[in-house]
Each structure stands twice: as C-alpha cells, then as structure tokens.
C-alpha cells in the first residue's frame, strides 16, 4: 500500500492523542514522514516514550492526561486535524482495572470532542476534523459474520465486566456521531480489527506479541480453549496509512468504518505459523478458559470485518503478509533487548 503522500500543500499541524502507544506511534511516524508538525499527548499509562523519536524538529511531546493537556492549550492553539487514539487498550487491561479503563475511554473522549467542536481551525472555520479510534469489540458477541458497520451489537450482562470495554467504546461512537449530527463536526469513527506489528506488547492479552515472545525463547505458546477461535490480523503499517485518507475525504465524515484484514486465521493455526516462521522449538500448550480467566468470561468464536465500505471509500487493501509481521515483531523485540 502506498505511503502517505507528501504534497506541496501548506504544512499541517496534527494532534495525536495516545501517540506514544502502539498504533499512535506508527501514525505519528507516518505524519512526520509526510512533513506534518505533530503534537502528541500521552500519559504513558500504556504508551512508551521510546516509541517516538527522541528528538524531531516537528514533534512536540506532552506527557499528561488528555483532559489536562486540552485545558492547558492556549486560545491561539489550533490544529488542522486530530487523531484520538488515547484509550485503555485491550479486554485484559479493562478486566484488571475496570474503573480507570471505563473513565479513560468515556471521559477523555467526551473532553476531546468538546475541544474540537469549539476550537476554530487555522482557516477560521469551527470544528477540527477528528478521527475517533473505536474497536471491533463494539459488535459484542453477535454470531453474524462478517461484521458490517450497521449490524446490531449484542452484549452480555453488566455483571460480567468483560463487556464494559465494548460498551465504553460504543459510547465514544455515540458521542462522536452526535457531534457530527448536531454541530456538523467532521468526524470519522474507525473500528480497528486486531491490529498487530512492531511495538505491540503482550501484557494486556495481545496474542501475537505473546506468541512471538514465547517462540523466541523456545517456550510453550499458550492457546486458550481448543484454539478454534478465529481472528483477522492486519499490520499496523497498513492500518495507519488509511487513517489520514479517511479523515481527508469529506464523504467519510460522520460515518463509521471497519479497518483491518478480512482473512481469518484460527488461534491454533496462528501459533503454528509463529513457530514455523521463527524456526522455534516451542510446543503448543492448551489451557481451558476456566483456568485462565474469571468466571463468566466469554471468548468470541470469530471476528471478521466486512471491508466493503472502506474499500469503496478509499480503496483500502492491506499489503503486508502475516509472516512478515511476525518476523518484524520478533526483530523489534530483539532490538529492545539489545
């Protein structure tokens, strides 16, 4: 897929919230590469300062909670576009710290939307074009496949904390679309489907870096359940190229888009692929869900996106094969260790 193109247009100033995180740092790299000035706000809860350049003439890094940073921006501070990626990431983290995760996802998104709706752009128009990061989790446990953007969401009871992440991201979407309807805010909602690649960490339940870490050490790869659950994995470097294109297309404003790969692979097959790709001597260990997660945890048998809408809008087609992603994740881990 082509990289974000440099043009002879005036230099843009982008705000990336959560820009020291996995997806946010790759997006920041891409925006800097096309010549933008980028302000990153990140409290480093799950992000890492080392994910960003130590020094760059067009990068400003602010370590702060998003609401505090927004309140500190002066009246003359404005942006041409905003990418809101600050969030609690992953079901595992939400289950471990549910209150902080829910408040982060909902309250900081609400603060960000109030800011961009009221703040004038550099051209004098009010309402900064904003991309809101959502998640395939909002589909809940619907049995439909593939998921398309207008499908119903199906959640479990509020007594099962596993669904709080899905609900918090759904509220983010409702807020963003309400601003688009009431204030004509140029907002785009993107539902990420299992984005993977270098800089992703496995502490919060992310399966690919967890598998790669084990395979590099020739340790057993832990597969929960029977391994028949399937997911569609898309390289982060393909994903971030799509984000500015969605935000720049006026026809995309006020709409929701699935973003990812639509090629499913079972978790058991993924484990085998990681072992083969890295030439590991690891074995596969299967662990029942009942031994790994709290009572009431439900895994989804499949999560496959319908990509018809994003293909029609910007011609999105992921190009990086999963084997290369696995190799690059392993190389990035080796570089960190060195």
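Residues of the range 121-160 with an amide N closer than 16 Å to a point placed 7 Å from the Cα of residue 34 along the Cα-to-Cβ direction: 129-132. What the Cβ-Cβ distance of residue 114 and residue 218 gives, at R0 = 51 Å and to the nearest 0.05, is a FRET efficiency of 0.50. Treating r as the C-beta distance of residue 323 and residue 75 and R0 as 35 Å, the FRET efficiency rounds to 0.10. In degrees between 0 and 90, to the nearest 10, how far off the longest principal axis of the chain does helix 267-277 point, with axes built from Cα atoms? It works out to around 90 degrees. A simple spin-label model places pseudo-atoms 7 Å from Cα toward Cβ; at residue 123 and residue 281 they are separated by 6.2 nm.
Compute the angle between helix 22-33 and the longest alpha-carbon principal axis of the chain, please, reported from 0 to 90 degrees and rounded to the nearest 10. Taking the Cα atoms of the chain, the angle to 22-33 is about 50 degrees. Here the simple spin-label model places points 7 Å from the Cα toward Cβ, and for residue 97 and residue 334 these points are separated by 3.2 nm. Compute the acute angle (0 to 90°) between the alpha-carbon long axis of helix 164-183 and the principal axis of greatest extent of the alpha-carbon atoms of the chain; round to the nearest 10°. Tilt relative to the chain: about 20 degrees. Relative contact order of the chain: 17 percent, from C-alpha pairs under 8 Å at least 6 residues apart in sequence.
Computed extension length for residue 298-residue 249: 13.9 nm, one decimal, from 0.36 nm per residue of separation with the Cα-Cα distance subtracted.
Bear in mind that the values in this text are calculations on the coordinates, not laboratory data. Bear in mind the structure is a predicted one, so any value in this text is a computation, not a measurement. Neighbour counts are summed over all protein chains in view; Cβ atoms, including those assigned to glycine, are modelled from backbone coordinates with ideal geometry.
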